[in-house]
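Nothing in this text is a laboratory measurement; each read-out follows from the coordinates by a stated rule. No experiment lies behind these values; they were computed from the predicted model shown. Heads up, the Cβs are rebuilt from the backbone with ideal geometry, glycines too, and the neighbour counts pull from every protein chain shown.
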Amino acid sequence: MSEHPGWPIAGAGAVAAIGRSPAEIFDALCAGTSGLHPMRGFDRSHYTGDRLFEIDDRVGSGDVPGRASAFLLDAIGQALADAGMGEQLGDTPVLVGTGLRELRSVELWAREGIPWSADRLHFGHALRERFGATVTYTFSNACSASLYALSMACDLLAGGAETVVVAGVDVVTESMV
């Protein structure tokens, strides 16, 4: 039996189809709110289904690049505020689990010629620009990648790290529908 007392979760942030914060999501779940809505970001004629659990933040029809990064930055910003931390992370490790990284942005580049740079496929640049984070890791391997990031965070804490930021993010892509 382990004698380790565990580590506290100091702050939480979340963005989902039913809310833009942990409190909004909790209230929506308690109210039985569904996030299932008509598909907005894709050409429906290519699919047999037409409804998704998308975060509906688009202005107009179509899709825009960088949404996964934007959701990630929003959720981390919320968590840092909830923890009473400033937004300058420096060398605090930031671990991000994702199934697809910014694949939707790459799809938009390939299909519609919307500019996107391959070095922004992972989240290091966005995290450095917003939070000054210099130690970032993006784990992209499956829907369970966030659990892998959480496990790595436990390893870092066990190894003596004082603070670790852990997050998960994905957006719906054409290749996953």
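Scanning the chain for GluC sites (Glu not before Pro) in DSSP loops with at most 11 other Cβ atoms within 10 Å, what's the longest stretch left with none?
No qualifying site falls inside 4-161, the longest such stretch.
In the chain, if the dipole is taken from +1 on Lys/Arg beta carbons and -1 on Asp/Glu beta carbons about the Cα centre, which of LEU103, THR138, GLY60 is farthest to the positive end?
GLY60
Which one, THR33, THR134, THR98, has the greatest fluctuation when you compute a Gaussian network model over the chain with C-alpha springs under 10 angstrom?
THR33
What's the ranking of 165-173, 61-69 by average number of surrounding C-beta atoms within 10 Å, highest first?
Values: 165-173: 22.3, 61-69: 17.9.
Going from most to least packed, we get 165-173, 61-69.
Would you please calculate the Kirkwood hydrodynamic radius of the stretch 22-168 over all C-alpha pairs and express it in Å, rounded to one decimal?
17.0 Å is the Kirkwood radius here.
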